[in-house]
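Each remark here refers to the structure printed beneath this line.
The values are calculated or read from the model by the stated rules, or taken from the named source; none is laboratory data. Treat the numbers as computed from the prediction; the structure is a model and nothing was measured. Please note: Cβ atoms are built from the backbone with ideal geometry, for glycine as well, and neighbour counts cover all protein chains shown.
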Amino acid sequence: MLSIYTCRLPAQTRLPVADPFKQRSIGQLPVITRPVPSEFSHLGPAPLVNIQPSVIDHQLYNNYNNISEQNRMILQQHGLIPGQGGNAQQVQQFAEIERDLLETEFYRKHLEWMEQTKYYRFAFEQLSTFNPDEFSLTNAVYFIENAYINNRISYQDFIRAIKQRADLVKQIIKREKLNSKDNLSLNFAIQELFKHSNSYYNTQSKQSITIPPIKYDFADFRGEKDYRQVMVSKMLATGSGQCHSMPLGYLMIAEQLGAKAWLSLAPQHSFIQFKDGKGRLTLFETTNGNYVSSSWMIQSGFINSKALQNHSYLDTLSSRQLYAQCLADLLLGYLHKFGYDDYADNIRQSIVKMNPANMIAAIVDAQHKQDIALQMLQKAGRPSIDKLPNYPEAYNAYLSMQEAIEKVDNLGYQDMPAEAYAKWLQSIESEKKKQQNKALNEQMAGEIHQLRMIKTPLKTTIKK
């Protein structure tokens, strides 16, 4: 998840009135610690294994100064110091040695980068083979999360954990006397996992156990201290997640059951939409197992008309948009570990190609161009606004930054501070008590009651 601070720029001009060095940052990716891989077990909370990944070099291609100093020391040992005289043969020898040293050093660094990023490159290659119009979200999430923790998630365990939740849904459907082929019934049963505890019958042990509801974890819910907090794998292992992992987990369970639902986005938030018995879209808030209205979402104060016009928020993501969002998750994990480089830009461009309006791709691009612009401005001596055109390189970088920021602004992004988001999450509980929300729940309860009255064909009956 992104923690973004939007830089507002006047629409009528490309140059702000204020000193560019006093402008607020377009965004700051949260700084986090190294992830701790999760292990999967049967339904219920599971302990986490403390295995620390290897240390990552974050500046594989930005070590010119260090490399030059290392080369200087080697040349000094050979009596070949630049600028200290010597005949033409010595100068030529120095040039050849320096070139060889640079080539050797950068080759070594490239090999290091290849080794350290191999799981991300593999994940990106796998995702690139997917059909964006019809792909497995479960597999996509597995590749994305497994890349971040250096290939330490067992695919078999990951799939087993999802299927166990799906099996529990099947038992809920049987218990509630619903039709396992009916989409509303399937969504209702999945939602039961987020609402309250459920009894699960273990066919191997022949025993029933109580499975607690999947709960919201308020600890580090933005993944700033530990990026694992936003992962579905963490949710499966512990039974708790947050607004990124919980809706994805919902959709992955739905995928196992053949149920239809959609991911929807809000500022720094995501939730589920599904169709009720009359084909009307209904919003389900996985963070507390509650039905909510779109008007309540808008009342949060951080969804403006631009976002609604561009379908940036509150709309259902198509398969291609969801695929682009998966690539965005891959990009965010890569940035957390390695920073922005050519490979990160390659992923970003793939996102834009799939969905030009992807918010994360736009924000990452603006943040990167802002970093470049500030470096160029610093290099130019921090010129005043009226003198900035006299420094073409810095000026062009600054215009490029503004253009990228304006794109983010035009998509309708508004920053939602952590404090405001935490307060908004807590308001979900009070929303349950409001009349409009009660009406939504009563309406859904009535539709489910009607479905129970329909006799389920024998062929759809689920056996233990």
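A few comments on the model shown:
- Among the residues of segment 416-440, those identified as touching a strand residue (DSSP E or B) at 6+ places or on another chain (Cβ under 9 Å) and either aliphatic (A, V, I, L, M) or modelled with pLDDT of 70 or more (or both) are Met416, Pro417, Ala418, Tyr421, Trp424, Leu425, Ile428, Leu440.
- Filtering Asn187, Asn202 for residues that are surrounded by fewer than 21 Cβ atoms within 10 Å (Cβ to Cβ), out of contact with any Lys or Arg (no Cβ under 7 Å at 6 or more places or on another chain) and either over 23 Å from Glu145 (Cα atoms) or not basic (Lys, Arg) (or both) leaves a single hit, Asn202.
- When Ile209 is tested against (1) in the same structural domain as Asp276 (by TED's automatic domain parsing); (2) not in a strand (DSSP E or B), only condition (2) is not met.
- Residue tally, condition closer than 23 Å to Arg222 by Cα and not in a loop (DSSP other than H, G, I, E, B), over segment 333-369: 20
- Evaluation of Asp220 against (1) buried (at least 19 other Cβ atoms within 10 Å of the Cβ); (2) closer than 23 Å to Lys423 by Cα (one fails), failing number: (1)
- Within segment 225-239, tally of residues that are in contact with a strand residue (DSSP E or B) (Cβ under 7 Å, 6 or more places away or on another chain), more than 16 Å from Asn150 (Cβ to Cβ) and modelled with pLDDT under 90: 1
- Residue, modelled with the lowest pLDDT, within segment 284-340, restricted to residues that are of a type in the set (D, E, K, R) and over 30 Å from Glu112 (Cβ atoms): Lys306
- Filter result for the condition that a residue is crowded, with 17+ Cβ neighbours inside 10 Å, without any contact (Cβ under 8 Å) to a residue 60 or more places away in the chain, in contact with a helix residue (DSSP H, G or I) (Cβ under 6 Å, 6 or more places away or on another chain) and more than 23 Å from Arg228 (Cβ to Cβ), over Leu314, Leu331: Leu314
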